[in-house]
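Data first, discussion second: the structure below is written as structure tokens.
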Protein chains: 2
Amino acid sequence: MTTLPIGQVSEQSGVKVPTIRYYEQIGLLPTPPRTEGNRRLYDGDDLKRLAFIRHARELGFDVGAIKALLSLQDHPEQSCSEADAIARSRLVEVRERISRLRALERELERMADHCEHTGTVAACHVIETLADPTHRHGRLDD
Amino acid sequence: MTTLPIGQVSEQSGVKVPTIRYYEQIGLLPTPPRTEGNRRLYDGDDLKRLAFIRHARELGFDVGAIKALLSLQDHPEQSCSEADAIARSRLVEVRERISRLRALERELERMADHCEHTGTVAACHVIETLADPTHRHGRLDD
DNA sequence: ATAGGTCCTCTAGTCACTAGAGAAGCAAGA
DNA sequence: TCTTGCTTCTCTAGTGACTAGAGGACCTAT
């Protein structure tokens with residue numbers, strides 16, 4: 001089984017060294033074993049976990065939400081209803097994000113296309129694109 | 001034309017009062033006119049702008065990215081190529097986020113469905129769902 | 001054995017808020 | 001008009017999630 005020092009894990013996961021230590025400190029990463037000389041040793045699972053955390057953070061999930069998601073992974077023995085509740089509530093959030101991002105995507109596409117075809121700047125309506133779906137009157141995109 | 005005090009704007013936009021003042025301070029919001037008694041006065045445009053900022057932040061865009069998006073809206077006279085560059089680079093980012101969120105959505109759906117149908121906890125593979133598309137071998141989900 | 005790199009802990013700084021203190025403004029009733 | 005209570009004002013300090021730096025230990029290669 002391959003083990004990696006923190007620098008390698010950092011490089012391969014895209015998470016900076018101090019951030020990895022920080023994640024350990026706040027309990028997002030398990031405390032890894034150490035060498036004789038007190039250096040942290042990681043394995044492939046840690047690598048994947050870190051990459052997951054990085055992407056989830058980039059998508060705007062806070063540490064609490066990420067902990068909840070990882071707990072699904074970490075505790076397959078937990079009650080079905082509990083896991084289900086976590087998965088479902090995250091699912092609602094994820095779907096809302098997707099629909100907002102799609103609206104923004106369409107607006108940016110429209111602007112880029114307009115520019116390409118006419119050589120002029122399109123009126124920009126990005127502000128409308130992220131309107132709160134729960135407050136909207138029109139239909140929601142699919 | 002209706003004007004609103006900061007408290008109303010806060011309530012209707014979902015952005016807290018100190019946060020609104022903070023956005024003014026860092027230049028995300030224009031400095032509003034004041035009453036005789038030195039209180040800020042906002043209008044409907046400010047309201048929309050604030051709601052946009054809130055949603056964009058929730059989606060994980062940082063202030064710099066939001067400024068760039070708002071600049072498209074604010075400066076229709078700017079060069080086409082500049083606006084286009086901003087729109088296109090945001091577009092790439094937005095599409096990547098969408099595809100990752102969709103992968104996560106599918107995994108959460110799978111888990112919720114599994115629980116519903118079998119009454120047992122599904123093996124959770126959320127970690128795999130956000131893998132870096134640029135490092136993946138399989139095809140990307142549209 | 002020593003030079004250069006990686007790692008250690010600890011403290012402090014950054015970004016984007018968020019909460020609190022203390023004072024001034026304003027609206028409504030006694 | 002005065003006062004009670006709410007909103008707003010500015011300013012300072014605290015939070016969450018990093019991020020950078022100091023000072024020192026470890027480790028590899030020559």
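Here are some notes:
- Unique residue being more than 7 Å from chain B (Cβ to nearest Cβ), surrounded by 14 or more Cβ atoms within 10 Å (Cβ to Cβ) and either more than 16 Å from DNA strand D (Cβ to nearest atom) or free of Cβ contacts under 8 Å to residues at least 12 places away in the same chain (or both) when the list is A:57, A:88: A:57
- Scanning segment B:19-38 for residues that are under 20 Å from residue B:67 (Cβ atoms) and either within 9 Å of DNA strand C (Cβ to nearest atom) or out of contact with any Asp or Glu (no Cβ under 8 Å at 6 or more places or on another chain) (or both) gives B:19, B:20, B:21, B:22, B:23, B:24, B:25, B:26, B:27, B:28.
- Cross-chain or 6+ apart pairs with Cβ under 6 Å, segment A:33-47 first and within 11 Å of another protein chain (Cβ to nearest Cβ) and more than 10 Å from DNA strand D (Cβ to nearest atom), then outside any strand (DSSP E or B) and open to solvent by 40 Å² or more (accessible area, probe 1.4 Å): A:47/A:12
- When segment A:1-16 is limited to residues that are more than 14 Å from chain B (Cβ to nearest Cβ) and open to solvent by 40 Å² or more (accessible area, probe 1.4 Å), the one that is farthest from DNA strand D (Cβ to nearest atom) turns out to be A:1.
- Selection status of residue B:47, surrounded by 13 or more Cβ atoms within 10 Å (Cβ to Cβ) and either farther than 14 Å from residue A:127 by Cβ or within 16 Å of DNA strand C (Cβ to nearest atom) (or both): no
- The residues listed here are B:73, B:78; of these, the one that is within 8 Å of another protein chain (Cβ to nearest Cβ) and either among the aliphatic types (A, V, I, L, M) or within 16 Å of the chain's Cα centre (by Cα) (or both) is B:73.
The values are calculated or read from the model by the stated rules, or taken from the named source; none is laboratory data. Predicted model only: the values in this text are computed from it and were never measured. Here the Cβ is made from the backbone with ideal geometry for all residues, glycine too, and neighbour counts use every protein chain on show. For the accessible areas, the whole protein counts, side chains as well, though only heavy atoms, and no ligand, DNA or RNA atoms are used. Shrake-Rupley method; radii C 1.70, N 1.55, O 1.52, S 1.80 Å.
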